[in-house]
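Some notes on the structure that comes next.
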Amino acid sequence: MVMQALTGIFHTIGLFADTAPKNETEKQLKSLMDNYHMPDGMGFSPTVCSLFFALSACFSLLCFMGAMLNFYLMRKKVSPVLIKGIYGLQAIIFGVCFTLMLFYTFLPPVVCTGLIFTGCLGVYFSAPRDFNLK
């Protein structure tokens, strides 16, 4: 839960950090990403930067949703079976997310997502099996 919240915070801060181009090629690339509108039909013509921003914001929201859900469930003291199920689902989601991050991003999000995935797996496998449903 803590790693989910921290990753959401780190990633949100990164959304607003602007990096200056270091050479002429990077300057041209940044200009194209900021200004070239791809005509995708139906009045939709995003820039690469706007698509990247939306995708990055969704990752932050995913982390915040996971952290808030886990905090809420812990605060309500729900049954271990429910906690185990929720963390199992989160392990699947963040496991897929970790795999994608591993192949398509860079080190900080890979490490953060890997820690979230490992934490979810740890809770899932250490939660007691309380199958006495009545």
Self-check item: Which label in [x] 12, 41, 31, 12, 4, 1, 0; [y] 8, 16, 9, 7, 6, 6, 6, 8, 7, 8, 6, 5, 4, 3, 0; [z] 11, 33, 26, 17, 9, 3, 0 gives the computed P(r) over Cα pairs in 10 Å bins from 0, in percent
Solution: [z]
Self-check item: Acute angle (nearest 10 degrees) that the helix 107-126 long axis makes with the longest principal axis of the chain, alpha-carbon atoms
Solution: 10
Exercise. Round to the nearest 10 and give me the degree value, 0 to 90, for the angle of helix 2-15's Cα axis relative to the longest principal axis of the chain.
Key: 10
Exercise. Take Phe103, Phe53 and order them by how many other Cβ atoms sit within 10 Å, fewest up front.
Key: Phe103, Phe53
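What is the order of Val48, Val2, fewest Cβ neighbours within 10 Å to most? Walk me through the numbers on the way to the answer.
Working: Val48 16, Val2 12.
The most exposed by this proxy come first: Val2, Val48.
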Self-check item: 0 to 90° range, to nearest 10: angle between helix 80-104 axis and the chain longest Cα axis
Solution: 30
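No value in this document is a laboratory result; all are computed from the given coordinates. The structure displayed is predicted, hence computed values, not measured ones. Every residue, glycine as well, gets a Cβ built from its backbone with ideal geometry; the counts of neighbours run over all protein chains shown.
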